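One structure is given here, and the rest of the page talks about it.
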Amino acid sequence: MRPVLEVRELGFAYGNGALFRGVSFALAPGEALAVLGPSGSGKTTLLHLLAGLLPLQEGEVLWEGEAIRHLPEARLAPRRLRFLGLVFQHHFLFPELTALENVLAPGYLAGRVDRAWAWELLARLGLEGRAHFFPQRLSGGERQRVAVARALYLRPRLLLADEPTASLDRRQAREVLKLMRGLASEVGAALVLATHDEALVEGLPALRLVYP
Ligand SMILES: Nc1ncnc2c1ncn2[C@@H]1O[C@H](COP(=O)(O)OP(=O)(O)OP(=O)(O)O)[C@@H](O)[C@H]1O
């Protein structure tokens, strides 16, 4: 099966010293990879490179076999919308939209509005009773679950999650990760999950970054 994401000999430096070099891996649909490393080791930088949000220096990133290096932003942006789901440490929900409207937001951008699917995602994440709540009225764990539902709404090929549970307690963090991994594999999305917390991602194949 063709990899969803392929990374070849990726290297990056902000200044003189390299943050990382020679990072290579490939992910098939439904596969997951943990990116581990302490604060400052370059996890966020790596995810931004995978998302085409930071210009590549050394190496290549391929989305479904296509190198993104030479794609101009005007072509990358619409592909990103369909190819990628993103979840960050902060939920970045639209405060003036309800949970349901937040989940539907990418659908409006992509011209694919499917309220039944948005409801199903919310229900699967245990948020049926919260669909019409504004983010301000949700708990931290509930907000992150809405962010996960929104990231999966367009059935992306790849889900990138950057410390998605760092603001949650252990029990909530485990619950959100379990739901995220289950739903990602169900929609066939490959998952790259960055965290400093190794215990949370036990059992997942891991890429380790070291503080330079
Ligand atoms: N725009 C930038 N310009 C210069 N240096 C940067 C920039 N962004 C990040 N850095 C530095 O690069 C290193 C890696 O940062 P990055 O955010 O990728 O690490 P991280 O592993 O995600 O850390 P954390 O877990 O704290 O978010 C850090 O030392 C950071 O200070």
> Quick one: putting +1 on the C-beta of Lys and Arg, -1 on the C-beta of Asp and Glu, what dipole do you get for region 5-208 around its Cα centre, in Debye to the nearest 20?
Replying inline: 280
> In what order do His90, His132 fall by count of nearby beta-carbon atoms within 10 Å, going from fewest to most?
Replying inline: His132, His90
> Rounded, prolate or oblate: which fits region 1-65, taking a ≥ b ≥ c as square roots of the Cα gyration tensor eigenvalues, rounded meaning a/c under 1.5, else prolate when a/b beats b/c?
Replying inline: prolate
> Counting pairs of alpha carbon atoms under 8 Å apart in space and at least six apart in sequence, what relative contact order in percent does the chain give?
Replying inline: 32
> With Rg and the Kirkwood Rh both taken from Cα atoms, where does Rg over Rh land for region 37-92?
Replying inline: 0.98
> Roughly how large, in nm² to one decimal, is the mean projection of the convex hull of the alpha-carbon atoms in region 69-149?
Replying inline: 5.9
> Once fully extended, how much extra length lies between Glu198 and Ser39, figured as 0.36 nm per residue of separation less the alpha-carbon to alpha-carbon distance?
Replying inline: 56.0 nm
> Sorting Met1, Met180 on the 10 Å Cβ count, fewest up front, what's the list?
Replying inline: Met1, Met180
> Pairing the Cα long axis of helix 140-152 with the longest principal axis of the chain, what angle in degrees results, from 0 to 90 and rounded to the nearest 10?
Replying inline: 70
>> Neighbour counts of other C-beta atoms within 10 Å: give me Ser167, Ser139 arranged from fewest to most.
In response: Ser139, Ser167
> In Å, the Kirkwood hydrodynamic radius of the chain over pairs of distinct alpha carbons?
Replying inline: 17.5
>> Under a Cβ-only charge scheme (Lys and Arg +1, Asp and Glu -1), can you give me the dipole magnitude of region 60-153 about the Cα centre, in debye to the nearest 20?
In response: 60
> If you project the alpha carbons of region 1-109 onto their three principal axes, what span does each projection cover, largest first, in Å?
Replying inline: 44, 33, 28
> Which listed residue (Ala74, Gly22, Leu49) has the Cα farthest towards the positive end of the charge dipole for the chain, taking +1 on Lys and Arg C-beta and -1 on Asp and Glu C-beta about the Cα centre?
Replying inline: Ala74
> Which percent, to the nearest 5, of DSSP beta bridges fully inside the chain are antiparallel?
Replying inline: 40
> Just Val192, Val23, Val35 to compare: in a GNM of the chain, with alpha carbon springs under 10 Å, which one fluctuates most?
Replying inline: Val23
> Tell me, what are the semi-axes, in whole angstrom and largest first, of the equivalent ellipsoid of region 110-212 as set by the roots of 5 times the Cα gyration tensor eigenvalues?
Replying inline: 25, 17, 11
>> With a cap of 14 neighbouring Cβ atoms within 10 Å, and only residues DSSP puts in a loop, list the trypsin sites (Lys or Arg not before Pro) found in region 83-178.
In response: Arg112
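Every number in this text was worked out from the coordinates using simple rules, so none of it is lab data. Not measured: the values here are computed from a predicted model. Positions of Cβ are backbone-derived with ideal geometry, glycine not excepted, and every protein chain shown enters the neighbour counts.
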